[in-house]
Amino acid sequence: MIWALMCVALMGIWLARVGEMWSTLAQRTREEELLRNGHAIHVAIRGYVAADASGAYPREFDDLLADPRTSFARRFLRARYRDPMAEGNADWQVVRGPAGELYGVYSNAPGTPLKQDGFPDEYASFSLQKHYSEWKFVHYPSGSMMRR
């Protein structure tokens, strides 16, 4: 009888550990997707700005899916990438310029990122951040005082 109780206790401890490892793996996977999707949006905004001599920024996400400045189909994003850290129908939080331009996005998901270093130079500021909301995928105008 004692052996059975010990086996049940050990099984419970083992299952708790497996659950914790699975949760950590799932969070790492969502973080990788966050970095991939955020980078794609950042690159799309940069491409949108560079594609026109005026250097205009997009007003909305839809402008990245189909550039309204042209009469032909020009896309900077293949799809409207979602925020993988957001729960339910929550979407990206938006960083806007002074005139409402779309400068970038960030996740408003709660929690501390597992990834704390090893970011590309472009995202070096993500190192040692305490919240996902501090991972901002932004393309500021050249010479802007907003740039960090």
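The table for this structure:
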item: Meets criteria (among the aromatic types (Phe, Trp, Tyr) and farther than 30 Å from Glu20 by Cβ) for Phe119; result: no
item: Test: residue in region 84-98 that is within 25 Å of Lys130 (Cα to Cα), among the polar types (S, T, N, Q), touching a helix residue (DSSP H, G or I) at 6+ places or on another chain (Cβ under 9 Å) and not in a helix (DSSP H, G or I); result: yes
item: Meets criteria (under 30 Å from Thr112 (Cβ atoms), touching a residue at least 60 places away in the same chain (Cβ under 8 Å) and not hydroxyl-bearing (Ser, Thr, Tyr)) for Ile41; result: yes
item: Flag if Tyr140 is part of a loop (DSSP other than H, G, I, E, B) and of a type in the set (Phe, Trp, Tyr); result: yes
item: Filtered residue count, region 64-88, keeping only those that are over 30 Å from Gly111 (Cβ atoms) and modelled with pLDDT of 95 or more; result: 0
item: Condition met for Gly104 (surrounded by fewer than 19 Cβ atoms within 10 Å (Cβ to Cβ) and not polar (S, T, N, Q)); result: no
item: Members of region 54-108 found to be under 16 Å from Glu31 (Cα atoms), in contact with a Lys or Arg (Cβ under 8 Å, 6 or more places away or on another chain) and among the acidic types (Asp, Glu), listed by number; result: Asp91
item: Lone qualifier among Arg46, Arg28, Arg36 - being under 18 Å from Ser142 (Cα atoms) and either in a helix (DSSP H, G or I) or among the acidic types (Asp, Glu) (or both); result: Arg46
item: Members of region 80-135 that are over 25 Å from Gly55 (Cα atoms) and either among the charged types (D, E, K, R) or touching a Cys at 6+ places or on another chain (Cβ under 7 Å) (or both); result: Arg82, Asp83, Glu87, Asp91, Lys115, Asp117, Lys130, Glu134
item: Total residues in region 56-83, condition touching a helix residue (DSSP H, G or I) at 6+ places or on another chain (Cβ under 9 Å), part of a loop (DSSP other than H, G, I, E, B) and among the aliphatic types (A, V, I, L, M); result: 3
item: Any chance Glu60 is out of contact with any Pro (no Cβ under 6 Å at 6 or more places or on another chain) and under 16 Å from Pro110 (Cα atoms); result: no
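The values are calculated or read from the model by the stated rules, or taken from the named source; none is laboratory data. None of these values were measured; they are calculated from a predicted model. When we count neighbours, we look across all protein chains shown, and the Cβ atoms used for this are built from the backbone with ideal geometry, even at glycine.
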